[in-house]
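What follows is calculated from the coordinates using simple rules that are stated; it is not laboratory data. Quantities reported herein were computed from a predicted structural model and do not represent experimental measurements. Neighbour counts are summed over all protein chains in view; Cβ atoms, including those assigned to glycine, are modelled from backbone coordinates with ideal geometry.
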Amino acid sequence: MASSIPASVPAESVPAAVVPAAPAQRRRLPWLVVLGVGFVALLAVVAVAAPLLAPEDPIRQSLRGRLSPPTWEGTDRRAHLLGTDHLGRDVLSRVIYGSRVSLVIGFSSVLVGGILGSAAGLMAGFSGRRMDAIIMTLADAQLAFPFILLAIGIIAVLGPSFPTLVVVIGLSGWVSYARILRAQVLVVRSREFVEAIHALGGSFVRVVLRHVLPNVLSSIVVIATLELARAIVLEATLSFLGLGIQPPTPSWGGMVQEGREYLDSAWWISTFPGVVLMVTSIVVSRTGDWLRDVLDPTLRGE
């Protein structure tokens with residue numbers, strides 16, 4: 001059907017109701033985000049189902065089959081798809097069980113850092129200039145000091161254990177949460193509706209739960225994803241230095257450390273856990289970047 005609007009009429013003079021509106025398009029989640037989240041979910045399933053997926057006991061030693069290369073049938077007549085280490089332990093089983101350590105410590109430390117950082121950000125934003133200055137000074141001091149040295153000192157004094165690692169790694173990530181939440185609180189508390197809520201008898205908890213947290217929830221999710229990758233790498237670093245999870249419990253960083261003396265003759269001992277650690281940290285950190293692009297309205301494309 002031909003249009004009834006003359007060609008001589010300029011487009012600016014056509015009423016808005018005459019021009020048909022474009023159909024609304026549902027924003028689809030980028031496939032990279034789906035892929036990253038799926039990888040993390042798959043890694044979590046592997047960690048939970050480690051007793052079912054691991055072909056052997058990860059701490060079972062077999063000196064008869066030590067330093068066997070990746071093969072379907074080693075010298076001990078067992079299949080070792082990723083080879084064995086210097087004590088004859090199956091590398092594939094240790095990599096699978098090592099995912100448990102990395103994910104449990106990673107998620108636990110992110111939870112600790114998120115709670116501490118969020119509480120510090122709320123206090124800095126609502127408690128006045130003095131408390132704000134104290135908290136931000138502590139944050140700047142931590143950013144200026146190499147935290148790996150502080151972590152080594154704390155663990156050397158308290159001893160390497162699971163709770164100590166969770167607390168130490170969690171303390172290393174509270175600054176990001178505190179800065180983001182503080183900035184959002186300073187913006188929200190200066191608005192008129194907040195003053196109206198206080199005038200009507202609204203409490204501090206109501207302002208935080210109804211107006212602050214919903215605005216920063218997407219930022220907290222993105223920061224938590226990025227902090228998860230950093231926590232996994234930091235745990236592997238401490239285990240590599242002998243200050244993390246102690247043998248014979250398998251850890252990716254500890255496996256890399258155990259195989260460094262055999263790089264010329266048994267490269268698979270360090271290579272496979274190192275590759276898994278690298279891929280995991282890259283995918284998790286990139287997922288945080290993709291989530292930021294999706295959840296941050298200022299970065300969305302038109």
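Taking the alpha carbon gyration tensor of the chain, multiplying each eigenvalue by 5 and rooting it gives semi-axes of 48, 31, 14 Å, largest first.
Can you give me the relative contact order of the chain as a percent, contacts being Cα pairs under 8 Å and 6 or more apart? Each step should come with its number before you reach the end.
Working: 388 pairs, mean separation 60.6, N = 302.
Value for the chain: 20 percent.
Length available on full extension from ARG260 to LEU81: 0.36 nm per residue minus the Cα-Cα distance, which gives 62.5 nm. Does the range 65-145 come out rounded, prolate or oblate, given a ≥ b ≥ c as the square roots of the eigenvalues of its C-alpha gyration tensor, rounded meaning a/c under 1.5 and, failing that, prolate meaning a/b above b/c? Because a/c hits 1.5 or more and a/b exceeds b/c, the range 65-145 counts as prolate.
Under a Gaussian network description of the chain, with springs only between Cα atoms under 10 Å, the residue in ASP264, ASP57, ASP289 that fluctuates furthest is ASP264.
Between the residues VAL46, GLN61, ALA119, the greatest Cα displacement towards the positive end of the dipole of the range 36-137, with unit charges on the Cβ of Lys, Arg, Asp and Glu, is found for ALA119. When GLU258, GLU227, GLU195 are arranged by Cβ crowding within 10 Å, least crowded first, meaning fewest neighbours, the order is GLU195, GLU258, GLU227.
Under unit Cβ charges (Lys, Arg +1; Asp, Glu -1), what dipole magnitude, rounded to 20 debye, does the chain have relative to its Cα centre? Don't skip to the answer; put the middle values down first.
Values: 24 positive and 20 negative charges, 105 e Å.
For this selection, approximately 500 debye.
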